Amino acid sequence: SVLISPCGGFVVVADKVGDVLQLKIPSEDNLECVILSAEETDPISDAKNTALSYAQALIMGHFSCLTRIAIAQLGSKGSAILVSADRDNKVRVSRYPDAHEIESFCLGHSEFVSSVCF
């Protein structure tokens, strides 16, 4: 699953190993802090390689493959919740962007949850 954060500044990605990553969307104003240039030296040829990587953050994880994620804005104060579903029949409701703060689990599904929406 891939979605845009409520503020529009981040892409939130759920992968097959259960991690949820947050990547900053580059703009002309913040391009220098989003794209990090790293120079690495190859020990065999002693040549320098310049690699570009996007700033990313792991915001939460499951022990199972994630099937869907969704973010819902709560009120006008900027608070939001992140709902994630996995192949172990669980739905997790967390605060966003502080997804380590779990609000609740929705348990009791007889099969894996394939969709969540608001």
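Just so you know, all these numbers are worked out from the coordinates, no wet-lab data involved. What you are looking at is a predicted structure, and each value in this text was computed from that prediction instead of being measured. Using ideal geometry, Cβ is built from the backbone for each residue, glycine included, and neighbour counts are taken over all protein chains shown.
Output the peptides 67-80, 13-26, 100-113 sorted from most to least packed, where packing is the average of other Cβ atoms within 10 Å over each peptide's residues. The partial results should precede the final answer.
Numbers: 67-80: 14.1, 13-26: 16.1, 100-113: 11.0.
Listed from highest to lowest mean packing, they are 13-26, 67-80, 100-113.
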In order through region 79-96: 3J(HN,Hα) via Karplus (6.51 cos²θ - 1.76 cosθ + 1.60), integer Hz, x for Gly, Pro: 7, 8, 10, 10, 10, 10, 10, 10, 6, 8, 6, 10, 10, 10, 10, 10, 6, 10
Be a star and scan region 1-24 for residues whose amide nitrogen sits under 19 Å from the point 7 Å along the Cα-to-Cβ vector of ASP88. 1, 14-21
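Report the full-extension gain for the segment GLN56 to PHE105: residue separation times 0.36 nm, less the Cα-Cα distance, to one decimal in nm.
Working: separation 49, 0.36 × 49 = 17.64 nm, distance 2.59 nm.
Here the answer is 15.0 nm.
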